[in-house]
Amino acid sequence: MECVFGMVGKRFALVVADTSAVNSILVHKSNEDKIMVLDSHKLMGASGEAGDRAQFTEYVQKNVALYHFRNGIPLTTKAAANFMRGELATALRKNPYMVNIVLAGYEKETGPSLYFIDYIATLHKVEKAAFGYGSYFSLAMMDRHYHPDMTVEEAIKLAEQCIEEIRSRLVVAPQNFVIKIVDKDGAREHSWRRTTKD
Amino acid sequence: MSIFEYNGSALVAMVGKNCFAIASDRRLGVQLQTIATDFQRIFKIHDKLFLGLSGLGSDAQTLYQRLVFRHKLYQLREERDMKPETFASLVSAILYEKRFGPYFCQPVIAGLGDDDKPFICTMDSIGAKELAKDFVVAGTASESLYGACESMFKPDMEHEELFETISQALLSSVDRDCLSGWGGHVYVVTPSEVTERILKGRMD
């Protein structure tokens with residue numbers, strides 16, 4: 001029941017994820033951060049198999065950092081997305097990573113961008129993306145209310161509407177959500193939407 | 001659901017008088033959920049050669065990257081572009097390499113060969129080539145496309161009429177298939193120019 005979704009606004013991109021770590025019927029913790037900050041201007045929201053998620057996101061983060069060290073300049077969001085797709089595609093027929101990714105990034109030259117990367121390594125640049133059972137609700141909500149060039153306030157309000165929809169309509173809805181934002185000032189945590197304290 | 005139907009696709013290529021047209025739908029889905037309505041299925045290899053890849057989106061992207069790589073190497077070595085017939089053989093060979101663990105794609109190749117003679121072909125996921133003189137189809141809507149093309153096609157159409165015919169065939173076929181649609185992407189290629197058009201059909 002993991003929910004990850006994201007959208008692009010005017011000169012920023014937003015990624016929202018639930019923060020529950022679940023094993024069968026047990027909620028281990030409800031403050032698990034599933035949106036990794038890849039580098040100064042990239043956010044990677046991941047959902048799927050817990051072990052694969054942690055391993056793959058860390059692997060990508062370290063490789064993105066390695067590129068930066070070796071070459072002196074950071075990867076673009078598009079390049080990072082293609083790198084991830086390549087890793088997922090190579091592993092697909094050996095030992096697949098069951099991880100779905102929403103990658104958000106900001107560049108000065110090209111502005112904000114959002115990439116949808118499936119666990120089967122399907123890559124597509126999008127304006128709004130969602131994974132998991134929550135996607136049925138959040139994608140529908142975003143289809144209705146999203147428009148290009150939204151302000152941060154409008155986007156946060158839309159994210160809240162999506163979270164509300166997931167909370168009220170998904171049978172085992174996650175308790176807490178984290179919202180992270182990336183814009184010209186970098187990638188950072190924006191806020192939480194909690195129903196339980198952990 | 002078959003792995004070929006995971007993302008949903010529709011592709012068609014038609015031969016005209018000294019020209020060809022290749023068209024695809026624009027939907028990217030994950031089974032019954034639509035993810036995007038602007039997915040690219042037709043790729044330009046060079047000015048007179050286009051490749052359409054239907055089937056699993058991930059394998060289509062991987063295959064496209066491998067083929068572009070091979071074509072660029074060919075261009076460096078031979079100092080010229082690949083002929084469509086040669087390219088079709090290359091695609092067939094690359095697909096058969098994975099005979100016992102195939103790419104889940106059905107390519108459609110369309111190009112202008114020697115003397116700008118139009119060439120189209122399709123193949124299955126393990127590289128069995130199927131040359132045709134009139135039209136080729138691929139994707140989840142292929143059965144509807146066969147019917148539509150068979151009735152609408154006539155030989156030696158000029159590029160304007162070819163565009164109309166291929167567009168009508170594509171749109172009417174994807175309307176009968178829930179996994180493909182959300183518009184169309186049509187390339188009409190003559191010896192002198194390439195025209196790219198986006199079609200708006202039933203957006204559902």
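A few comments on the model shown:
- Count of residues meeting criterion [in contact with a Phe, Trp or Tyr (Cβ under 8 Å, 6 or more places away or on another chain), small (Gly, Ala, Ser) and more than 11 Å from A:Ala187 (Cα to Cα)] in segment A:8-44: 1
- Of all the numbered requirements in (1) surrounded by fewer than 15 Cβ atoms within 10 Å (Cβ to Cβ); (2) more than 19 Å from A:Lys184 (Cα to Cα), A:Phe5 misses one, and that requirement is (1).
- Residue tally, condition surrounded by fewer than 22 Cβ atoms within 10 Å (Cβ to Cβ), among the small types (Gly, Ala, Ser) and more than 16 Å from B:Thr195 (Cα to Cα), over segment B:156-170: 0
- One residue stands out among those in segment B:6-25 that are away from chain A (no Cβ under 14 Å) and polar (S, T, N, Q): the one that is surrounded by the fewest Cβ atoms within 10 Å (Cβ to Cβ), which is B:Asn18.
- Residues in segment B:170-202 that are more than 19 Å from B:Val137 (Cα to Cα) and hydroxyl-bearing (Ser, Thr, Tyr): B:Thr190, B:Ser192, B:Thr195.
- Selection status of B:Ser58, crowded, with 22+ Cβ neighbours inside 10 Å and within 9 Å of chain A (Cβ to nearest Cβ): yes
- Just so you know, in segment B:171-180 the residues that are of a type in the set (S, T, N, Q) and part of a helix (DSSP H, G or I) include one that is surrounded by the most Cβ atoms within 10 Å (Cβ to Cβ), and it is B:Ser173.
- A:Gly45 closer than 18 Å to A:Met84 by Cβ and in a strand (DSSP E or B): yes
- Single residue of segment A:76-90 satisfying the filter (of a type in the set (Ser, Thr, Tyr) and away from chain B (no Cβ under 11 Å)) that is farthest from B:Ala60 (Cα to Cα): A:Thr76
- Check on B:Leu28, within 29 Å of B:Arg176 (Cα to Cα), surrounded by 23 or more Cβ atoms within 10 Å (Cβ to Cβ) and within 14 Å of chain A (Cβ to nearest Cβ): yes
- In segment A:139-170, the residues that are acidic (Asp, Glu) and either surrounded by 14 or more Cβ atoms within 10 Å (Cβ to Cβ) or at negative phi (or both): A:Asp143, A:Glu153, A:Glu154, A:Glu160, A:Glu164, A:Glu165
- Taken together, the residues in segment A:21-60 that are over 22 Å from A:Phe177 (Cβ atoms), surrounded by fewer than 21 Cβ atoms within 10 Å (Cβ to Cβ) and in contact with a Leu (Cβ under 9 Å, 6 or more places away or on another chain) amount to 1.
- Qualifying residue in segment B:61-81 (condition: under 19 Å from B:Asn7 (Cβ atoms), more than 14 Å from chain A (Cβ to nearest Cβ) and not β-branched (Val, Ile, Thr)): yes
- Flag for A:Ala65 being within 14 Å of another protein chain (Cβ to nearest Cβ), surrounded by fewer than 21 Cβ atoms within 10 Å (Cβ to Cβ) and farther than 20 Å from A:Pro174 by Cβ: no
- For segment B:38-54, a residue qualifies if it is more than 10 Å from chain A (Cβ to nearest Cβ) and not small (Gly, Ala, Ser), and the qualifying residues are B:Arg41, B:Ile42, B:Phe43, B:Lys44, B:Ile45, B:His46, B:Asp47, B:Lys48, B:Leu49, B:Phe50, B:Leu51, B:Leu53.
- Here B:Leu90 meets the list (1) at negative phi; (2) surrounded by fewer than 21 Cβ atoms within 10 Å (Cβ to Cβ); (3) away from every other protein chain (no Cβ under 14 Å); (4) out of contact with any His (no Cβ under 9 Å at 6 or more places or on another chain) almost entirely, failing just condition (4).
- In this entry, A:Lys108 is excluded by the filter for residues that are surrounded by fewer than 16 Cβ atoms within 10 Å (Cβ to Cβ) and within 18 Å of A:Gly51 (Cβ to Cβ).
- When B:Ala138, B:Ala148 are checked against the criterion of being at pLDDT 95 or above, out of contact with any Phe, Trp or Tyr (no Cβ under 7 Å at 6 or more places or on another chain) and assigned to a strand (DSSP E or B), a single residue qualifies: B:Ala138.
- Residue match in segment A:78-94 (condition: among the charged types (D, E, K, R), buried (at least 22 other Cβ atoms within 10 Å of the Cβ) and modelled with pLDDT of 95 or more): yes
The values are calculated or read from the model by the stated rules, or taken from the named source; none is laboratory data. Treat the numbers as computed from the prediction; the structure is a model and nothing was measured. Virtual Cβ from ideal backbone geometry, glycine too; neighbours counted across all protein chains shown.
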